Amino acid sequence: MRKTNIKELAKILNYSIATVSKALRDSHEISEQTKKKVLEAAKEFNYTPNPYASSLRRKRSKTIAVILPEVADNFFSLAINGIQSIAEKKGYHVLIYLSHESFEIEQSFVEDCRSGRVDGLLISVTSETQNGAHIQKLLDEKLPVVFFDRELESIAAPKVITNDYECGFNSARLLLDRGCQNIRFFSVSSDLAICSKRAEGFLAALAEAGLPNDNAINYFSANDTQTHEHIKDVIANRGTVDGIVASVERLAIQTYLACHELGVQIPDELKVVAFSTVETAPILNPSLTTITQPAFEIGKNAADILFTLMEGKDYGYTKKPVIIPSVLVERKSTQNKTGA
């Protein structure tokens, strides 16, 4: 049977469109008898509401945008699942933009969000992003924005992150406790807050142990096709370097590949820790010690906050970031032969 629209349904019932609309929305302005009659007719004549048209009348798109720097990292796949779990309950669609770690692309996507096609934005910025003026424009226009994982400290918007400084400290402390004396931190950015906080924690652990931090931080461009060769160079010319903390998942994988090609044994010659949610960490050879981020929970909490803001409520989320702790899971890549 052909679907009936609300205009046709109103004509069949000899009611105004407004009366039919209110009856379908269970408005207190409409009598129970009329509501019943409208609902029965809607079922009989195959009427189904058009949510898109309804959202336009309310000036709502029923869509939120999510801007991600990449999808190769398992973290963002899990975070999307967390976001989707909330959006579905709210009857919203999720529009995903992928910036490919490009600030220019991120800017264009944020500008697209100003068109009215979305009701709110969740964003994890690129490794190139230093200036948040493009995001501030959205906030000035009263479009809710929530940062998750990768944030800009200069922008007064809600942020859902993890305890990056503490995790950076703990990762270095673990390597030192396992006997390492010359450790490096592999990072994709000196500007990203998550990377700088992790590096600060890492350096603090070295300082506490009375160890020098010269050349302790190595940077690799997120978009550099030569990253693999650069990591091989660091490891091949490592001298006495005996431990590495990878600030992002892909640098850990590249480290494993480089060690395999160079014949460097993990963990006997080089111990490795990574910030990672990769599901294959336990079955890598050797299994990878990880700082496991609560990706699903971060995405879910960020979406929760966004919808709260979209509903016109504010519980002071902009004043203090929401911090969901990560978990250090030690596996064979940092263990000594005794398992210590």
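For this structure, a couple of remarks:
- Among (1) touching a residue at least 24 places away in the same chain (Cβ under 8 Å); (2) out of contact with any Ser or Thr (no Cβ under 8 Å at 6 or more places or on another chain), the one test that residue 308 misses: (1)
- So residue 95, is it of a type in the set (A, V, I, L, M) and either closer than 24 Å to residue 185 by Cβ or touching a Leu at 6+ places or on another chain (Cβ under 8 Å) (or both): no
- Considering only residues in the stretch 229-277 that are of a type in the set (Ser, Thr, Tyr) and closer than 29 Å to residue 162 by Cα, the one that is surrounded by the most Cβ atoms within 10 Å (Cβ to Cβ) turns out to be 247.
- Test: residue in the stretch 285-296 that is over 14 Å from the mean Cα position of the chain (by Cα), over 20 Å from residue 271 (Cα atoms) and open to solvent by 70 Å² or more (accessible area, probe 1.4 Å): no
- Strands (runs of 3 or more DSSP E) contained entirely in the stretch 88-184, each with at least 3 residues that are open to solvent by 30 Å² or more (accessible area, probe 1.4 Å) and among the aliphatic types (A, V, I, L, M): 93-98
- Residue list for the stretch 189-207, restricted to those being in contact with a helix residue (DSSP H, G or I) (Cβ under 8 Å, 6 or more places away or on another chain), surrounded by fewer than 17 Cβ atoms within 10 Å (Cβ to Cβ) and in a helix (DSSP H, G or I): 200
- Checking each residue in the stretch 212-223 for being assigned to a loop (DSSP other than H, G, I, E, B), open to solvent by less than 60 Å² (accessible area, probe 1.4 Å) and either among the polar types (S, T, N, Q) or modelled with pLDDT of 85 or more (or both) picks out 216, 220.
- Look at (1) at negative phi; (2) touching a residue at least 12 places away in the same chain (Cβ under 8 Å) and you find that residue 115 fails only one, number (2).
- The residues in the stretch 38-53 that are farther than 17 Å from residue 19 by Cβ, surrounded by 12 or more Cβ atoms within 10 Å (Cβ to Cβ) and modelled with pLDDT of 85 or more can be counted, and the count is 1.
- Filter result for residue 84 (open to solvent by 10 Å² or more (accessible area, probe 1.4 Å) and not in a loop (DSSP other than H, G, I, E, B)): yes
The values are calculated or read from the model by the stated rules, or taken from the named source; none is laboratory data. Only a predicted model underlies this, so the values are computations on that prediction, with no experimental measurement involved. Because the Cβ atoms are built from the backbone with ideal geometry, glycine has one as well, and the counts that use them run over all protein chains shown. Quick note on the areas: whole protein, heavy atoms, side chains included, nothing else; ligands and nucleic acids left out. Shrake-Rupley method; radii C 1.70, N 1.55, O 1.52, S 1.80 Å.
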